[in-house]
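One structure is given here, and the rest of the page talks about it.
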Amino acid sequence: MDWKPSRQAALDQLFTFIPKAGKTYAAERNFDLGEGLHEGVSQLSPWIRNRMLLEEEVLAQTLSKHSFASAEKFISEVFWRGYFKGWLEHRPEVWARYRTNLTDYVKQLEQDTSLLQRYETAVEGTTGIAAFDYWVRELTQTGYLHNHARMWFASIWIFTLELPWELGADLFYRHLLDGDAASNTCSWRWVGGLHTKGKTYAAQASNIERFTNGRFDVTGLAIKTSPLQEPPLPAPSELSLDKGRGNLLPGKVGLILTEEDCSPDRLPLTTAPSAILALLDPSPRSVLASSSKVEAFSRQCVSEAAQLASARWGADCQKSSDSNWNEVITDWVNQHNLAALVTARIPIGPTRKRLTRACRELTIPLLEVTRPYDALVWPHTKAGFFALRKKLPSILSQLDLGQLEV
Ligand SMILES: Cc1cc2nc3c(=O)[nH]c(=O)nc-3n(C[C@H](O)[C@H](O)[C@H](O)COP(=O)(O)OP(=O)(O)OC[C@H]3O[C@@H](n4cnc5c(N)ncnc54)[C@H](O)[C@@H]3O)c2cc1C
């Protein structure tokens, strides 16, 4: 599988997969047959992560070929992404703590030789746990891991290798093409027993053997998986979900594109932008370097988004690879004499912080437009996934998927 950073490649993969999104997916999704053999799952996550492909498009195609009942498993997996995105939006503290702890652990690696040695053994794939060592190589070489492998990997990292979960989450985030602040952080917390309080995910040798079709015979995994602990979190914060609705803005409007949303041609804008700025420089995912594959994928997605936006809005489009967003945006605003800026709502993560800082000194407003999908999903993401799952039929009918053109 080659994840090309283009809308056409995303659509090709979507149409290849859709016939299997019903009962076949439910039966095969847990099997990890190895690198290049992940046909049991959609492998759409890198495009969905950058919103080169929208969740509602995936759902519309699924429901055009399958009933809700037969594709329920796949549909609910698609909603897990929105669930984690919304859950983290309600809890910015979780992201802030993760970043602080990660920075502390990276500093600790410089002083604590025992921790450094155990960490290096894991990230170099020389632990002697053949399955784990295989997955490290697959992750770093391809930028993708099967969901089941991610669960086993995280569990072995936390409970068998006894390494800090934040360092493992960081390794994933820097190497996964679909690396996402919410899905990744929340999934690692879920494995460690922090998301569903007290419930951990224990990787078991028999389960690995069965779902890898006997490729791995693992021994020595931790038997005890006591939940990780953390100080209590603040109550979930309220979200403003009508952000950008009816976005009629005065004067000339500039549209900003980032790696967080590469479908600007399908963004509900009521004011046509007169200038477009594509910020190609990827936001650093960590204090450590991200893989060059991840950076190239992200850069190319934004570049393609610029073409889509240009074709849709017919406005002057500038692509910038400069890392100094503040300077780039200020010059562009002055050059086009803009009165307001608009962008797709930026979720929690490094891009939000970076763009907010870059626009802090501007005297014109930056309006973030919340997509209708997020506005429908996020209100049901304050607690467990079950609350959202109950709402799926109602959300799907409100999305009016039959009207969506892909
Ligand atoms: C430790 C760990 C870390 C993870 N990190 C990420 C991450 O950084 N980014 C990411 O997108 N997913 C992450 N996931 C979730 C999941 O593993 C991937 O979304 C999935 O493997 C992508 O492959 P696919 O597109 O073939 O998924 P499919 O099974 O075909 O599912 C279709 C789509 O639904 C969404 N989805 C499916 N399962 C999940 C899930 N459990 N949580 C959230 N969304 C889901 C994805 O957008 C996916 O593309 C992580 C899971 C674990 C256990």
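Scanning the stretch 386-400 for residues that are over 19 Å from Leu241 (Cα atoms) and touching a residue at least 40 places away in the same chain (Cβ under 8 Å) turns up Arg389, Pro393. For Glu56, the stated conditions hold: it is more than 8 Å from the ligand (Cβ to nearest atom), in a helix (DSSP H, G or I), touching a helix residue (DSSP H, G or I) at 6+ places or on another chain (Cβ under 6 Å) and assigned by TED's automatic domain parsing to the domain that holds Lys391. State whether the residues of the stretch 249-265 include one that is surrounded by fewer than 19 Cβ atoms within 10 Å (Cβ to Cβ) and assigned to a helix (DSSP H, G or I). Within the stretch 249-265, one or more residues are surrounded by fewer than 19 Cβ atoms within 10 Å (Cβ to Cβ) and assigned to a helix (DSSP H, G or I).
Quick check, is Leu161 open to solvent by less than 10 Å² (accessible area, probe 1.4 Å) and either modelled with pLDDT of 95 or more or not assigned by TED's automatic domain parsing to the domain that holds Gly34 (or both)? No, not satisfied.
Okay, residues lined up against (1) open to solvent by less than 30 Å² (accessible area, probe 1.4 Å); (2) in a loop (DSSP other than H, G, I, E, B); (3) of a type in the set (A, V, I, L, M, F, W, C); (4) within 13 Å of the ligand (Cβ to nearest atom):
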| site | (1), (2), (3), (4) |
| --- | --- |
| Thr16 | no, no, no, yes |
| Gly34 | yes, yes, no, no |
| Pro46 | yes, no, no, yes |
| Met52 | yes, yes, yes, yes |
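Do you know which of the residues in the stretch 18-32 that are charged (D, E, K, R) and within 12 Å of the ligand (Cβ to nearest atom) is least open to solvent (accessible area, probe 1.4 Å)? Among those that are charged (D, E, K, R) and within 12 Å of the ligand (Cβ to nearest atom), it is Asp32. Kindly indicate whether any position in the stretch 298-312 is free of Cβ contacts under 8 Å to residues at least 12 places away in the same chain and closer than 21 Å to Asp178 by Cβ. The answer is no; no qualifying residue exists.
Do we have Leu338 as part of a loop (DSSP other than H, G, I, E, B), of a type in the set (A, V, I, L, M, F, W, C), in contact with a Lys or Arg (Cβ under 8 Å, 6 or more places away or on another chain) and closer than 18 Å to Gly254 by Cα here? Against the criterion (part of a loop (DSSP other than H, G, I, E, B), of a type in the set (A, V, I, L, M, F, W, C), in contact with a Lys or Arg (Cβ under 8 Å, 6 or more places away or on another chain) and closer than 18 Å to Gly254 by Cα), Leu338 qualifies. Please pick out the residue among Asp322, Asp331 that is out of contact with any Pro (no Cβ under 8 Å at 6 or more places or on another chain), over 15 Å from Leu257 (Cα atoms) and either of a type in the set (Phe, Trp, Tyr) or open to solvent by 30 Å² or more (accessible area, probe 1.4 Å) (or both). Among Asp322, Asp331, only Asp331 is out of contact with any Pro (no Cβ under 8 Å at 6 or more places or on another chain), over 15 Å from Leu257 (Cα atoms) and either of a type in the set (Phe, Trp, Tyr) or open to solvent by 30 Å² or more (accessible area, probe 1.4 Å) (or both). Output yes when any residue across the stretch 275-282 is open to solvent by less than 20 Å² (accessible area, probe 1.4 Å), farther than 24 Å from Ile364 by Cβ and not in a strand (DSSP E or B), and no when none is. Looking for residues that are open to solvent by less than 20 Å² (accessible area, probe 1.4 Å), farther than 24 Å from Ile364 by Cβ and not in a strand (DSSP E or B), one finds at least one in the stretch 275-282, hence yes.
The values are calculated or read from the model by the stated rules, or taken from the named source; none is laboratory data. The shown structure was predicted, so the numbers you read here are calculated from the model rather than taken from an experiment. Neighbour counts run over all protein chains shown; Cβ positions are idealised from the backbone, glycine included. The protein model used for the area step is the full one, side chains on, heavy atoms only, and it has no ligands, DNA or RNA in it. Shrake-Rupley method; radii C 1.70, N 1.55, O 1.52, S 1.80 Å.
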